[in-house]
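J.: Once you've had a glance at the structure underneath, I'll fire off some questions.
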């Protein structure tokens, strides 16, 4: 890390603090949602500078993309401005001050940023770096750890996404009591999209195939470069959101009907889980891909390919379902 | 220079507490959730700051790896999971807020409490 | 040769950075939405092109260059479209280009 | 150990986990419930055979993915784990069997597969937390179970379920994030995520400030999720407005699983290594436990809503568990641990009786219960017996844990006398709040216009309720199994102390 990088990191971190203060300060929730998107982009930059390229890609796609879309969908159904202010400000500030003091006090014994002799760099992590070429043989060690060494965590993660999908479908699947108040913009976009706006429509339609192509690249190139099933699923979902904006919510629903999305959301976790069960049936431990082929390394490759596909299918199905749930709530 | 290398952790502490303040003190439910996601983002920074090694690069093995230093892959893996958990919580929370809005016609905590008291 | 390429790339990067800065100042200082958008467009047209061009020179003929070129092409497609969508959304929401009148009525002193 | 038995530990999580997507895809009404119940029964059977294995001296250690700890994620089952597994899977099975009819009323047909899917995920998440031996993996499954339980609670018929869920979501996420911060700080100082490995490596850095901060964050975060007083604010409304069957399930096990993680983490990683930590732990928890018993019981005595009354009583009972643990002796710990089991039995049976009452009585305020004993004699009889167990009358399960608790406290000398006094006062307060319900149901004349004659709950629900009540009596008279498990658990926790 050069001095220049260090100063850039410090600059970005300071900017993040300022943005965070602005997010808390502003009464306009729309502005707060946008600012938190910007906040996410800045943290993605920090993550990239700190050698976590996979995390940077994910944070940019999730923080600046999907969560902003979700906030906007929810704000259209609720309120754009914060009415009431704060309560118990003094107590909250006191707690906050105490915890900050404890944390800053704790930092002085922490290993310095980039210290090669930090405990985290000496135990477990070197083993991953050393053994990945031998056992898994994929260039991206993050993918190897994510999908194989700690594949059980990623299974849990996939089910977290699935749970969120079930939850949103369950909560918003019930028809609203009475007529909800809907912002005109949402209804407008819901019915016809941007059909009367030629330029965005033409360019948008042109881009969608490329976005999907990029998603496939991210999905299948995850072994070699940052990326994988989760990021790919987010990108596919983004392309569908774009399609729904251009052509209207109805059209997007026809292209990918609700039952199909639900099937995808449920099939993805099953693909992942049954890969693990298949390993058990073939005589290995749960999620031990080595038994999937004659050569353990090949087995690992197959396993990672299949479970990444499972993750991608889940994330695509769940995120599009969630988007539709929010958008359709407004269109009714 | 030495002292600046703890700056990441201070910013983590400050961001964490800005988020925590928004969650506890703000009355608007959407604002609470925004605060909650700030709160979680701060933790991402804590973990990722443990990753890099002086002179290292992201742990991706290109053609020639001899003599190169790589950063720790494990914090990245953990935070990938944590980001996914964060967005899932956010989606569920927003869905609950939409239902609250429909049931109470308000998303302000004090007004909801008032309505429940009746 | 390598020296020349390096200098050329840094010149491009610096000039590009300058235009990005100008775009940023414009977005802050201009009086209404449309003029601000006009100023900001300097960032993603001229600024982005120069910076990416500088980076291409840094990368040489590799896969990275292809990726940078793809980024450039997509930026040239998307940023004007986004600006167009934003401007028409603003117009639809009832924000008028308010600059014309006060500018003319301003007494010359 | 046979190959099948070897895989049981991971199957405990995988069976309910993988059943969830199937349940979600099922369409016709009733089928989703049947599938969920079948998977739940299977999970319970696995828990029983794991317990049998543990009792016969087996030790289950399972390397997921074939990667040995600390590089991979390890699953292990011991006495404490198997006790919790019995509680979690048993509660789920009982609540599902009992809850079918009342859930049919609360949740429309189209959304039932989603609801039962969420139920299975909650079960799988809780089981996943319990068996995991990896600090970060515990966080992942904690989130699976938490998100799923938010869905279950938000399914409540009253609109107040929604703000209650939101509060739970916010506080639960804060708790989980605090835990995550703690784990991160320990990882920073030790480089490992495996609990056993952590326990060894934390020894060298025990005096470093990040480790101390980590201990604080982990204890506070888990205490928040376990609703340890005064961090219980989310619990009463969440339990009150959830569908009755969900209350039975979650009240019996959700907070206890968090207490389990707290015990496991604190005893394994911190107490043996951090100098003086056991006293900090004990001095931090004991006053809170005593206050919880007194104040929450006090609130329960004043409360007019039946479910909220029982929810506050849960906060008080968590106090008893923490009190036993904070004594730091073998008897005290096993008293706390056995109370996890016994309280699940008692509170589960009580909420089952509430579910019976809820079939015919709307609102469930104490005033609405007038005359309930005439209309629903079997239900109210079950409520009374389960209430006796909650109070701790000899012959019921509740007595066993209170007896152990008192004998552990008496071994502590003069401090112990005060503890015993609080336990006795708390039990008297429990008598009062249980009596208020009994008085309303047995001795108040029904309001004018309420239906006459007997009107019992559906037979299935009643049978399950009585099975739970008889469980209270059985484990009160023959407490061999839970005592054996809890003593083994206490011994294995204490072996880490210096």
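J.: So residue A:215 passes all but one of these: (1) surrounded by fewer than 17 Cβ atoms within 10 Å (Cβ to Cβ); (2) at pLDDT 85 or above; (3) in contact with a helix residue (DSSP H, G or I) (Cβ under 9 Å, 6 or more places away or on another chain). Which condition number does it fail?
T.: Status for residue A:215: all satisfied but (1).
J.: Right, something else. Regarding residue B:69, is this residue more than 7 Å from every other protein chain (Cβ to nearest Cβ) and touching a strand residue (DSSP E or B) at 6+ places or on another chain (Cβ under 8 Å)?
T.: yes
J.: For segment A:77-133, name all the residues that are within 30 Å of residue B:108 (Cα to Cα) and surrounded by 15 or more Cβ atoms within 10 Å (Cβ to Cβ).
T.: Result: A:77, A:78, A:79, A:82, A:84, A:86, A:92, A:93, A:95, A:96, A:99, A:100.
J.: Looking at segment D:298-313, can you tell me whether even one residue there is without any contact (Cβ under 8 Å) to a residue 12 or more places away in the chain and either within 25 Å of residue D:441 (Cβ to Cβ) or crowded, with 19+ Cβ neighbours inside 10 Å (or both)?
T.: Scanning segment D:298-313 turns up at least one residue that is without any contact (Cβ under 8 Å) to a residue 12 or more places away in the chain and either within 25 Å of residue D:441 (Cβ to Cβ) or crowded, with 19+ Cβ neighbours inside 10 Å (or both).
J.: Also, quick follow-up: Yes or no: residue B:83 within 17 Å of residue A:50 (Cα to Cα), modelled with pLDDT of 90 or more and in a helix (DSSP H, G or I)?
T.: Yes.
J.: Could you give me the residue pairs with C-beta distances under 8 Å whose first residue belongs to segment A:236-259 and is on the phi > 0 side of the Ramachandran plot, whose second residue is not in a loop (DSSP other than H, G, I, E, B) wherever it lies, and which are 6+ apart or on separate chains?
T.: Sorted first by the residue in segment A:236-259, then by its partner, the pairs are A:248/A:189; A:248/A:190; A:248/A:191; A:248/A:192.
J.: One residue is enough: does segment A:46-62 have a residue meeting the conditions surrounded by fewer than 22 Cβ atoms within 10 Å (Cβ to Cβ), more than 9 Å from chain B (Cβ to nearest Cβ) and touching a strand residue (DSSP E or B) at 6+ places or on another chain (Cβ under 7 Å)?
T.: Looking through segment A:46-62, none of the residues is surrounded by fewer than 22 Cβ atoms within 10 Å (Cβ to Cβ), more than 9 Å from chain B (Cβ to nearest Cβ) and touching a strand residue (DSSP E or B) at 6+ places or on another chain (Cβ under 7 Å).
J.: Okay, moving on. Among what's in segment D:185-224 and is over 26 Å from residue D:61 (Cα atoms) and assigned to a loop (DSSP other than H, G, I, E, B), pick the residue that is farthest from the other protein chains (Cβ to nearest Cβ).
T.: Across segment D:185-224, the extreme among qualifying residues is D:206.
J.: Name the residue, out of D:235, D:193, D:222, that is touching a strand residue (DSSP E or B) at 6+ places or on another chain (Cβ under 7 Å) and crowded, with 24+ Cβ neighbours inside 10 Å.
T.: The match here is D:193.
J.: Additional query: Examine segment A:299-319 for a residue that is modelled with pLDDT under 95, more than 11 Å from every other protein chain (Cβ to nearest Cβ) and over 20 Å from residue A:220 (Cα atoms), and state whether such a residue exists.
T.: Checked against the condition, which is being modelled with pLDDT under 95, more than 11 Å from every other protein chain (Cβ to nearest Cβ) and over 20 Å from residue A:220 (Cα atoms), segment A:299-319 yields no hits at all.
J.: Go through A:114, A:88 for me and flag whichever is within 14 Å of chain D (Cβ to nearest Cβ), in contact (Cβ under 8 Å) with a residue 60 or more places away in the chain and on the phi > 0 side of the Ramachandran plot.
T.: Being within 14 Å of chain D (Cβ to nearest Cβ), in contact (Cβ under 8 Å) with a residue 60 or more places away in the chain and on the phi > 0 side of the Ramachandran plot holds for just one of A:114, A:88, which is A:114.
J.: Restricting segment A:320-332 to residues that are crowded, with 20+ Cβ neighbours inside 10 Å and away from chain D (no Cβ under 14 Å), which is nearest to residue B:97 (Cα to Cα)?
T.: Taking segment A:320-332 and keeping what is crowded, with 20+ Cβ neighbours inside 10 Å, we get A:320-327, A:329-330.
Add one more test, that the residue is away from chain D (no Cβ under 14 Å), and what stays is A:320, A:323-324, A:326-327, A:329-330.
On the way: A:320: 19, A:323: 15, A:324: 16, A:326: 11, A:327: 15, A:329: 13, A:330: 14 Å.
Per the stated criteria, the residue is A:326.
J.: Kindly indicate whether residue B:83 is under 30 Å from residue D:172 (Cα atoms) and either at the interface with chain A (Cβ under 7 Å from one of its Cβ atoms) or surrounded by fewer than 22 Cβ atoms within 10 Å (Cβ to Cβ) (or both).
T.: So residue B:83 passes the test.
J.: Restricted to segment B:17-59, and to residues that are more than 7 Å from every other protein chain (Cβ to nearest Cβ) and farther than 23 Å from residue B:108 by Cβ, which residue is surrounded by the most Cβ atoms within 10 Å (Cβ to Cβ)?
T.: Only one residue fits best here, namely B:42.
J.: Suppose we filter D:68, D:118, D:122 for residues that are under 30 Å from residue B:75 (Cβ atoms) and either at pLDDT 95 or above or facing chain A (nearest Cβ under 10 Å) (or both); which single one remains?
T.: D:122
J.: Of everything in segment D:484-498, what is modelled with pLDDT of 90 or more, surrounded by fewer than 20 Cβ atoms within 10 Å (Cβ to Cβ) and in contact with a helix residue (DSSP H, G or I) (Cβ under 6 Å, 6 or more places away or on another chain)? Give them in sequence order.
T.: D:487, D:488
Every residue, every condition in (1) away from chain A (no Cβ under 12 Å); (2) under 16 Å from the mean Cα position of the chain (by Cα); (3) assigned to a helix (DSSP H, G or I), yes or no:
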{"residue": "D:97", "(1), (2), (3)": "yes, no, yes"}
{"residue": "D:129", "(1), (2), (3)": "no, yes, yes"}
{"residue": "D:136", "(1), (2), (3)": "no, no, yes"}
{"residue": "D:145", "(1), (2), (3)": "no, yes, yes"}
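J.: Related question: (1) more than 8 Å from chain B (Cβ to nearest Cβ); (2) farther than 25 Å from residue A:322 by Cβ: which one isn't true of residue A:9, the others all being true?
T.: (1)
J.: State whether one or more residues within segment D:235-249 are in contact (Cβ under 8 Å) with a residue 12 or more places away in the chain and not in a helix (DSSP H, G or I).
T.: The answer is yes, given that some residue of segment D:235-249 is in contact (Cβ under 8 Å) with a residue 12 or more places away in the chain and not in a helix (DSSP H, G or I).
J.: Right, next: Here is a check on your reading of the model: is residue B:98 surrounded by 24 or more Cβ atoms within 10 Å (Cβ to Cβ), at the interface with chain A (Cβ under 7 Å from one of its Cβ atoms) and closer than 15 Å to residue D:173 by Cβ?
T.: Answer is no for this residue.
J.: Looking at D:408, D:467, can you tell me which residue is assigned to a helix (DSSP H, G or I), touching a residue at least 60 places away in the same chain (Cβ under 8 Å) and crowded, with 22+ Cβ neighbours inside 10 Å?
T.: Result: D:408 is the single residue among D:408, D:467 that is assigned to a helix (DSSP H, G or I), touching a residue at least 60 places away in the same chain (Cβ under 8 Å) and crowded, with 22+ Cβ neighbours inside 10 Å.
J.: Okay, next question. Please list, ordered by residue number, the helices (runs of 4 or more DSSP H) wholly in segment A:118-168 having 1 or more residues that are over 16 Å from the mean Cα position of the chain (by Cα) and facing chain D (nearest Cβ under 9 Å).
T.: Result: A:119-122, A:125-135.
J.: Same structure again: Collect the residues in segment A:76-85 that are part of a helix (DSSP H, G or I) and at the interface with chain B (Cβ under 7 Å from one of its Cβ atoms), keeping them in residue-number order. Outline the logic, then answer.
T.: The first filter runs over segment A:76-85 and keeps only residues part of a helix (DSSP H, G or I), leaving A:76-77.
Matches in segment A:76-85: A:77 only.
J.: Of the residues A:263, A:292, which single one is over 24 Å from residue A:140 (Cα atoms) and surrounded by fewer than 24 Cβ atoms within 10 Å (Cβ to Cβ)? Walk me through how you get there before you give the answer.
T.: On the way: A:292 fails: over 24 Å from residue A:140 (Cα atoms).
When all the criteria are applied, what remains is A:263.
J.: Of the residues that make up segment D:84-93, is at least one in contact with a strand residue (DSSP E or B) (Cβ under 8 Å, 6 or more places away or on another chain), away from every other protein chain (no Cβ under 14 Å) and touching a residue at least 24 places away in the same chain (Cβ under 8 Å)?
T.: Initially, segment D:84-93 is screened for residues in contact with a strand residue (DSSP E or B) (Cβ under 8 Å, 6 or more places away or on another chain), giving D:85.
Still in the list and also away from every other protein chain (no Cβ under 14 Å): D:85.
From what is left, the residues that are touching a residue at least 24 places away in the same chain (Cβ under 8 Å) are D:85.
Checked segment D:84-93: at least one residue is in contact with a strand residue (DSSP E or B) (Cβ under 8 Å, 6 or more places away or on another chain), away from every other protein chain (no Cβ under 14 Å) and touching a residue at least 24 places away in the same chain (Cβ under 8 Å).
The values are calculated or read from the model by the stated rules, or taken from the named source; none is laboratory data. Please read these numbers as outputs of a predicted model, since none were measured by experiment. In this analysis, Cβ positions are derived from the backbone assuming ideal geometry, glycine residues included, and neighbour counts consider all displayed protein chains.
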